[in-house]
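In what follows, a structure is listed as structure tokens, so that the remarks can point back to it.
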């Protein structure tokens with residue numbers, strides 16, 4: 001099923017902010033009765049497809065871990081949720097790979113991952129099977145945050161954004177192009193004076209969903225140049241740095257540096273961001289251009305497992321092609337029902353208007369409108 005494009009930048013604007021009036025505990029009969037009434041009406045609105053967010057506050061604290069790509073967004077949601085609800089939610093941005101490992105090990109209640117659980121064996125193990133065993137039920141991939149990957153660089157003497165193609169990018173990150181004034185870069189940047197400066201590549205040394213999505217892009221759009229299998233572990237050239245903070249801070253302090261990182265992190269560090277020409281002209285990274293690429297995605301899961309298949313090789317005009325989706329990886333039915341209620345409560349809030357309407361200002365892009373209802377349905381089905 002193809003996902004249609006959306007016209008506005010609104011994030012996953014599914015359900016609005018919650019009327020969460022009785023968070024965490026049953027402190028009094030009157031408070032409880034009021035909470036039940038508010039929670040019931042909000043839940044009814046959600047079930048009928050209304051704009052109001054819905055869920056009673058959870059009673060149990062939650063631990064989550066994973067993707068650094070969504071860190072700004074989820075920390076914002078946690079802070080605001082905590083002003084209304086007494087149960088604590090903590091999120092540790094250790095990278096997608098670590099998040100999945102901790103989820104499978106039962107150390108966290110949900111994971112943030114920039115790639116869906118793997119359905120094919122790796123080292124004799126299949127992530128979907130491992131997660132099902134850990135949960136005692138099916139595990140779902142629920143998309144919550146869409147983050148473009150910015151090709152971020154530091155050229156102090158070049159003020160205008162440079163343009164890069166898939167082939168040039170592959171050669172840079174493979175170590176075949178080592179100077180910024182290389183003829184291949186100059187050919188797609190006519191009129192720009194490029195310095196005879198060494199290119200310093202920085203990559204994620206930890207297992208990263210951002211790495212996986214970036215290498216998927218290179219493998220799809222520059223097949224003859226990037227032949228390595230895409231994955232969370234970097235296989236190209238350069239100097240490894242831990243997590244998003246490591247690569248972005250290194251580029252910021254290195255004239256001639258380049259990396260791949262979430263747009264939000266590039267904005268936080270005020271890094272230069274390249275335009276990308278996938279074959280239909282140079283495209284600047286904006287919320288709208290990233291959303292246009294995401295609108296070409298297809299649902300690749302079944303039921304409430306909402307994994308998406310992205311078209312990294314798209315040549316659609318004005319579509320920024322290097323994008324990722326951060327999933328919240330959850331149990332469909334938790335062994336502890338109260339944990340399930342708390343996960344459902346927080347993710348309902350995370351998906352609401354109060355959080356989602358601010359995502360673009362943080363460097364994220366929206367999910368297409370017709371996936372929004374599916375996300376709401378999936379979250380509402382968590383037990």
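Read-outs: derived from the displayed coordinates by stated rules, not from any lab. Predicted, not measured: the structure shown is a model, and the values here were computed from it. Note that each Cβ is placed from the backbone with ideal geometry, even for glycine, and that neighbours are counted across all protein chains shown.
The table below gives the values:
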item: Relative contact order, percent, the chain [alpha-carbon distance under 8 Å, six or more residues apart]; result: 29
item: Selected from 232, 190, 298 as most flexible by GNM, with the chain as the system and alpha-carbon contacts under 10 Å; result: 190
item: Reported label for calculated volume of the Cα convex hull per residue in Å³ given [x] 193; [y] 121; [z] 133; result: [y]
item: Part-to-part distance (alpha-carbon centres) for the range 178-222 and the range 287-361, which is given in Å; result: 27
item: Relative contact order [Cα under 8 Å, 6+ residues apart], the range 149-292, whole percent; result: 37
item: Acute angle (nearest 10 degrees) that the helix 71-82 long axis makes with the longest principal axis of the chain, alpha-carbon atoms; result: 20
item: Spin-label model distance (nm) - residue 282 vs residue 92, 7 Å beyond Cα toward Cβ; result: 4.3
item: Percent antiparallel among DSSP beta bridges (both partners in the range 149-292, rounded to 5); result: 60
item: Residue with peak Gaussian network fluctuation, the chain [Cα springs, cutoff 10 Å], from 121, 143, 368; result: 121
item: Using alpha-carbon coordinates, inclination of helix 209-221 to the longest axis of the chain, degrees; result: 50
item: Beta bridges per DSSP with both ends in the chain, % antiparallel, nearest 5; result: 65
item: Value of [θ]222 nm, deg cm²/dmol, for the chain, DSSP H segments ≥ 4, -39500 (n - 2.57) each, nearest 500; result: -10000 deg cm²/dmol
